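I have placed the structure first, in the form of structure tokens, so that the comments after it can refer back to it.
What follows is calculated from the coordinates using simple rules that are stated; it is not laboratory data. Since we're looking at a predicted model, the values are computed, not measured. Heads up, the Cβs are rebuilt from the backbone with ideal geometry, glycines too, and the neighbour counts pull from every protein chain shown.
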């Protein structure tokens, strides 16, 4: 038994104790050889992630396989049998895990009716932990999915695929209606108030086929026509602008002496 934690077998926390001692030793060594502060910081961060992974492994070990007996009575009164233990994948901020736990159903091959360990630990249906899902959602609001996946892999060493992020985000979007329903209703506007809505401009006709040809450049290269107009607007300004515009009205101009 552990001297620090009575009743807990030493074997459960033996890996944790070894990693913690290694961290203390690395700090002492860094002080002796004057290791750069940022180097020690990076090393400690990685060690803390490994320590967290080991502690979570110990948590799963202490939680057991979810064996509540040879049979289980459900809330509706039906009895289901304990089947062979099955493994499920689980991913959190510290890394990947395989959780072995017993499942309950009428018989093999039928739908699983209960998984006691999953219910007791409130595990999500998908393999991604709720906290990691929250981190993913926060990052995906600020950057593309692929960038969010690369950022977390570099920060935590946790590998996720873009399709996994997309599926998790799709599940979270199903909570939108419940989110809006829990918010209080807005106060009614006073008489005479004006409600202004902004739009993003999507759906505005842009193609010539949609505008009936309006805005379409004619007489040759569209880029050259735009260049001609810009040059004339600059060169024909001033008191003699009207004479200049008449002189060059039918002469296309081209860029001279400069690559654009």
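The table for this structure:
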read-out	value
Ranked 194, 24, criterion: other C-beta atoms within 10 Å, fewest first	194, 24
Cα→Cβ-extended label distance, 7 Å offset, between residue 96 and residue 137, nm	2.6 nm
R0 of 51 Å, Cβ-Cβ distance residue 67-residue 34: FRET efficiency to nearest 0.05	0.45
Residues 135, 180 arranged by fewest to most Cβ contacts within 10 Å	180, 135
Cβ-based exposure ranking for 112, 132, 170, in which fewest neighbours within 10 Å come first	170, 112, 132
Euclidean distance between Cα centres, region 130-152 to region 1-73, Å	27 Å
